[in-house]
Amino acid sequence: MTNQDIPSLYYTETSKSAVPLLESEQHIQTVTADPWLKISDEGLQLEGLCFDRDHNLFLCEVFGGTIFRVDLPEKKVNTVFKSEKTNPASVKIHKDGSLYLSYLGDFKNSGGVISTDSNGNNPQSIVSDIDTEYCIDDLVFDSKGGFYFTDFRGYSTNPLGGVYYVSPDHQTITPIIQNMAVANGIALSTDERILWVTETNANRLHRISLEEDGVTIEPFGALIPYHFTGHEGPDSCCIDSDDNLYVAMYGQGRVLVFNKNGYPIGQILMPGRDQGHMLRSTHPAFIPGTNQLIICANDIERGGDSWLFTAKGFAKGHNRYQFH
């Protein structure tokens, strides 16, 4: 056999990408997001997008603790306050207008949830970092005013994380599912019977069917409809009014979209991802009453800035508890 006869590998346009797509994911409906708003010239770890009743957007910056508000329609960026707790990871809004901030603490055992008013005043402990050992990354309210949260602990071979439910009076914390390798994003279906959870360090998507009490898993009701691939895993997520699930892929510069049964049906790519830009895509959220999705990402690895991007989803966003 001559040298010319030996089979050889060669780069295709797909394999040249900094974050190549799986063959099965290359053929689903794909769009590229447009830049919507620069938050900072620095590479900030943006997270926790949440709209209030006036359609203003709150978000946080994890490592510096800044809470931002983007006033719409003028898209004015305001620094509202600095979190008194370390590493805030999400902002959610109660129907009374108060902000619920989940925080990761030391990433080991000192996270929790506090509430403040919309200006960051009058902080109240909701899930204490003294009496518990959680690192709380994200939360979602149900229609009763209780909420589910994710415990962001562990790693691939040491699954310490899980999902818990906090009663509306904040007096009871009930475990829903445990032994997860960094539970991260969480979303609740429109009928509140399906709980979606992303497990970052195991690269898995969980679909959990709940009984009417909201804390008991139906028989055979906890399953994994999708396994992700890549050196980084799934991050925060949200649903639309058709119960499609939008999952931000951290380190991959994109959002994957699944139907209500967990099958991939679309994806939104960040511009420049093939060249390694804007790969830290962390959180999607819909502008209320529209099908316009906002996605936060940053360019820390390339010394770049922090942006919000936009694309249209399959359906309008689902208005959650803060709008009731």
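The values are calculated or read from the model by the stated rules, or taken from the named source; none is laboratory data. None of these values were measured; they are calculated from a predicted model. Positions of Cβ are generated from backbone atoms using ideal geometry, with glycine treated the same way; all protein chains shown enter the neighbour counts. Accessible surface areas use protein heavy atoms only, side chains included; no ligands, DNA or RNA. Shrake-Rupley method; radii C 1.70, N 1.55, O 1.52, S 1.80 Å.
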remark   = So the number of lysine pairs in segment 3-161 with alpha-carbon atoms under 19 angstrom apart, 8 or more residues apart or on different chains, is 6
query = Over the Cα atoms of segment 172-257, what Rg and Dmax result, in angstrom?
reply = 12.8, 37
task = List the extent of the Cα atoms of segment 47-110 along each of their three principal axes, largest first, rounded to whole Å.
result = 39, 23, 15
task = Using a 1.4 Å probe over the heavy atoms of the protein chains, calculate the carbon and sulfur portion of the accessible area of segment 1-77 as a whole percent.
result = 50 percent
query = In whole percent, what relative contact order does the chain give with Cα contacts below 8 Å and a gap of six or more residues?
reply = 17 percent
ask   = Can you tell which of Gly105, Cys60, Ile6 lies farthest toward the positive end of the dipole of the chain, using +1 and -1 charges on the Cβ of basic and acidic side chains (Lys, Arg; Asp, Glu)?
value = Ile6
ask   = Stretch His231-Val77 to full length: gain in nm at 0.36 nm per residue minus the Cα-Cα span?
value = 52.2 nm
ask   = In whole Å, what are the Cα extents of segment 205-306 along the three principal axes, biggest one first?
value = 48, 34, 23
task = Let me know the Rg and Dmax you get for segment 1-141 when you use only its Cα atoms, in Å.
result = 21.6, 78
ask   = Roughly how many Å² is the accessible area per residue of the chain, as a whole number, for a 1.4 Å probe?
value = 43 Å²
key: Sequence-separation-based contact order of segment 43-106, relative, with Cα cut under 8 Å and 6+ spacing, percent   = 27 percent
Overall dimensions of segment 15-86 by Cα: Rg and Dmax, Å = 16.4, 45
query = Ser125 to His324: extension gain in nm, 0.36 nm per residue of separation minus the Cα-Cα distance?
reply = 69.3 nm
message = Pairs of alpha-carbon atoms within less than 8 angstrom and 6+ residues apart define the contacts here; what relative contact order does segment 1-119 have, in percent?
response = 14 percent
inquiry  = Could you compute how fast segment 259-324 diffuses translationally, taking Rh as the Kirkwood radius over C-alpha pairs and applying Stokes-Einstein at 10 °C with viscosity 1.306 mPa s? Give it in µm² per second.
reply    = 119 µm²/s
Globularity ratio of the chain, using Cα Rg and 2.2 N^0.38 Å = 0.98
ask   = Using all Cα-Cα distances in segment 104-219, what percent lands in each 10 angstrom bin from 0 up to the longest?
value = 14, 46, 32, 7, 0
